[in-house]
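Reading through the structure tokens given below for one structure.
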Amino acid sequence: MSVIIFSFKYKKHVDCDTSDFYIVAENYSVGEVIEFHNETPNATNWKWDFGDGSPRETKNHVLHKYTEPGIYTITLVINGFCLKEKKIQIKDHGEIIDRTKLPVIIAPKIAAVGQKVNFTYKYYTNETFSWEWSFGETGQIDNTNEFPNYSFRTPGPKTVTLIVNGEYKFKTSKIIYIKPRPAFKKESEMMLEEGYTYEKPVEAFYKPKGNPKPDASDKILKTIPTRSRERHISEFAPDISENQFELLLHQVANQTKEKEDFSKYICGNYQIPVIKNGDQVISFEEFCKRIKGKEIKIESFRLTKDNLNCIDGFSITYKVKGLIGWTED
């Protein structure tokens, strides 16, 4: 019986020396929603006092707003006996933008030059009457339709912006990476393009059958050393799955791999674009530097490859582990 009672008390024990709470805020401003977290093992009871006379909260994760600037003492009592205190300074930074009122642009993260891209959005209210779209190529408003489409003319990262109902303070943006136009198009892709028509029936372009003749270049190639001939012929990059690529990225993060270990898969191009967390485009070389030495958690991942199976970019959504848990990098 004594062992059972001791085990029960041990499981309910809270280490006051190591327990702590965390504050998450962007600006520590008047009117800003501030988060307070406590993840103490075995904790079952919490009493938060925010130092401004507001009612106490009794959960491990709470939200609070301060209505006046000043220095406040936050007090947390865990399981009725562990007392923790912290001070914060709240400032008046003027009007706080309510991010829930920002439009959310819905569009692919990657497209190609000449490809028609359709745009839509989500908004906190259905009462919309005007839309100002800019697609990052002209420096001005490009379209005023609610759901426009656009074909980009040049490659590179493009910042697409949207203003709904003329609310300029709620202007929102999204970065899309535009790949160069493919060098060659398949016949099926050309047929799908709007407005494409054949000048002649397809059969008219076929060459008449005849007796095959040896290629004159074969005689020249036979005189070239084998190693040079191999370089003359384009070779496919070795195949790698998205799961295998993710595993290599984790090994870069824990410093057991380097960017050079990806060379054969990216065909030696360390500047391929990486779309990070949906809103930033950086080079693969820079991405490896950013995750090196960190603990990462990949939530979504997508590779893109060219016609030689070389990886020419990827999009990734991931988080890194910090003092207050998992956060976007």
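For the criterion of being under 27 Å from SER173 (Cα atoms) and either touching a residue at least 60 places away in the same chain (Cβ under 8 Å) or of a type outside the set (A, V, I, L, M, F, W, C) (or both), LYS276 passes.
Within segment 290-306, the set of residues being in contact (Cβ under 8 Å) with a residue 60 or more places away in the chain and of a type in the set (S, T, N, Q) comprises THR304 only. Only one entry in ILE141, ILE74 is open to solvent by 30 Å² or more (accessible area, probe 1.4 Å) and among the hydrophobic types (A, V, I, L, M, F, W, C), namely ILE141.
Going residue by residue through segment 85-103, is there one that turns out to be of a type outside the set (D, E, K, R), under 23 Å from the mean Cα position of the chain (by Cα) and surrounded by 12 or more Cβ atoms within 10 Å (Cβ to Cβ)? Taking every residue of segment 85-103 in turn, at least one turns out to be of a type outside the set (D, E, K, R), under 23 Å from the mean Cα position of the chain (by Cα) and surrounded by 12 or more Cβ atoms within 10 Å (Cβ to Cβ).
The number of residues in segment 20-57 that are out of contact with any Asp or Glu (no Cβ under 9 Å at 6 or more places or on another chain), assigned to a loop (DSSP other than H, G, I, E, B) and either among the polar types (S, T, N, Q) or within 15 Å of GLN89 (Cα to Cα) (or both) comes to 7. For segment 245-261, enumerate the residues that are of a type outside the set (Val, Ile, Thr) and farther than 29 Å from LYS174 by Cα. Listed by number, the residues that qualify are GLN251, ASN254, GLN255, LYS257, GLU258, GLU260, ASP261.
Is one or more of the residues making up segment 113-131 touching a residue at least 60 places away in the same chain (Cβ under 8 Å), under 24 Å from VAL33 (Cβ atoms), surrounded by 12 or more Cβ atoms within 10 Å (Cβ to Cβ) and touching a Phe, Trp or Tyr at 6+ places or on another chain (Cβ under 9 Å)?
No, segment 113-131 has no match at all.
When the residues of segment 144-165 are filtered to those that are hydrophobic (A, V, I, L, M, F, W, C) and under 19 Å from LEU102 (Cα atoms), the one that is most open to solvent (accessible area, probe 1.4 Å) is PHE147.
Restricting attention to segment 10-41 and to residues that are open to solvent by 70 Å² or more (accessible area, probe 1.4 Å) and among the polar types (S, T, N, Q), the residue that is nearest to ILE324 (Cα to Cα) turns out to be THR18.
Within segment 260-269, count every residue that is open to solvent by 10 Å² or more (accessible area, probe 1.4 Å), of a type outside the set (Gly, Ala, Ser) and either at positive phi or in contact with a strand residue (DSSP E or B) (Cβ under 7 Å, 6 or more places away or on another chain) (or both).
Initial filter on segment 260-269 (open to solvent by 10 Å² or more (accessible area, probe 1.4 Å)): 260-261, 263-265, 267-269.
Then drop every residue that is not of a type outside the set (Gly, Ala, Ser), which leaves 260-261, 264-265, 267, 269.
From the residues that got through so far, the ones that are either at positive phi or in contact with a strand residue (DSSP E or B) (Cβ under 7 Å, 6 or more places away or on another chain) (or both) too are 265, 267.
Within segment 260-269, residues that are open to solvent by 10 Å² or more (accessible area, probe 1.4 Å), of a type outside the set (Gly, Ala, Ser) and either at positive phi or in contact with a strand residue (DSSP E or B) (Cβ under 7 Å, 6 or more places away or on another chain) (or both) number 2.
All conditions in (1) without any contact (Cβ under 8 Å) to a residue 40 or more places away in the chain; (2) at negative phi hold for ASP92, with the sole exception of (1). Within segment 58-79, being closer than 19 Å to GLY325 by Cα and assigned to a loop (DSSP other than H, G, I, E, B) holds for LYS59, ASN60.
Going through segment 274-309 one residue at a time, which ones are at pLDDT below 90 and out of contact with any strand residue (DSSP E or B) (no Cβ under 8 Å at 6 or more places or on another chain)? ASN307, LEU308, ASN309 - these are the residues of segment 274-309 that are at pLDDT below 90 and out of contact with any strand residue (DSSP E or B) (no Cβ under 8 Å at 6 or more places or on another chain).
The values are calculated or read from the model by the stated rules, or taken from the named source; none is laboratory data. No experiment lies behind these values; they were computed from the predicted model shown. All Cβ positions, even for glycine, are placed from backbone atoms using ideal geometry, and neighbour counts span all protein chains on display. With ligands, DNA and RNA removed, areas are computed over all heavy atoms of the protein, side chains included. Shrake-Rupley method; radii C 1.70, N 1.55, O 1.52, S 1.80 Å.
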